[in-house]
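Below: the structure, in structure tokens.
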Amino acid sequence: MSIIVNGLDELRKLSGSDLGTSEWIEVTQERIDTFADATGDHQWIHVDPEKAAAGPFGAPIAHGYLTLSLFIPLFTELLDVQGVTTKVNYGLNKVRFPSPVKVGSRIRLVGKLTDVEDVPGGVQITVDGAIEIEGCTKPAAVLQSLSRFYG
């Protein structure tokens with residue numbers, strides 16, 4: 001369930017808050033293939049199920065950057081900032097991919113809003129996130145994301 005805030009003042013008050021956990025989403029072979037087509041990264045470990053089954057992970061795995069790209073749809077389940085004119089991704093401070101996401105796995109995001117700072121015309125938030133894999137002890141990705149919201 002989303003935390004809903006209205007405007008920059010309410011967003012500022014959330015600094016240091018746990019944002020909770022998103023719903024699980026499945027990473028399908030179709031999603032992996034679509035990402036491969038969009039990026040031109042057709043490495044066999046991702047798109048050749050037969051060869052990948054005999055590879056180091058025993059199955060095709062999602063691209064790390066596919067996993068990272070799913071941060072935004074998962075994040076929007078955690079925080080809904082209303083009453084602003086513009087929302088933009090500003091960047092990433094850290095990203096690591098500790099565990100591969102095998103095709104058919106389900107992932108979710110756990111997030112914490114660690115910082116809110118003023119920038120000209122708005123605020124910048126820092127979110128520490130972990131994209132978990134159902135049934136795995138190590139996350140698929142850990143990251144620190146920066147977003148800006150303008151009034």
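Per-structure values
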quantity	calculated
Lone qualifier among LEU109, LEU113, LEU79 - being at pLDDT 95 or above, touching a Gly at 6+ places or on another chain (Cβ under 6 Å) and buried (at least 20 other Cβ atoms within 10 Å of the Cβ)	LEU109
Any pair with Cβ under 9 angstrom, 6 or more apart, that starts in segment 2-24 at a residue that is under 22 Å from ILE107 (Cβ atoms) and among the aliphatic types (A, V, I, L, M) and ends at one that is in a helix (DSSP H, G or I) and open to solvent by less than 30 Å² (accessible area, probe 1.4 Å)	LEU19/PHE75
Number of positions in segment 91-139 that are polar (S, T, N, Q) and touching a residue at least 60 places away in the same chain (Cβ under 8 Å)	2
Count - residues of segment 31-45 that are more than 19 Å from the chain's Cα centre (by Cα) and on the phi < 0 side of the Ramachandran plot	6
Residue match in segment 116-129 (condition: open to solvent by 70 Å² or more (accessible area, probe 1.4 Å) and modelled with pLDDT under 95)	no
Residues of segment 14-33 classified as among the β-branched types (Val, Ile, Thr), over 26 Å from PHE149 (Cα atoms) and in contact with a Leu (Cβ under 9 Å, 6 or more places away or on another chain), total	3
Test: residue in segment 61-71 that is surrounded by 12 or more Cβ atoms within 10 Å (Cβ to Cβ), touching a Pro at 6+ places or on another chain (Cβ under 7 Å), in contact (Cβ under 8 Å) with a residue 12 or more places away in the chain and within 17 Å of GLU134 (Cα to Cα)	yes
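The values are calculated or read from the model by the stated rules, or taken from the named source; none is laboratory data. As the structure is a prediction and not an experimental result, all values here were calculated from the model. A quick note on method: Cβ atoms are made from the backbone with ideal geometry, for glycine too, and the neighbour counts reach across all protein chains shown. Heads up: the accessible areas ignore ligands, DNA and RNA and are worked out on the full protein's heavy atoms, side chains in. Shrake-Rupley method; radii C 1.70, N 1.55, O 1.52, S 1.80 Å.
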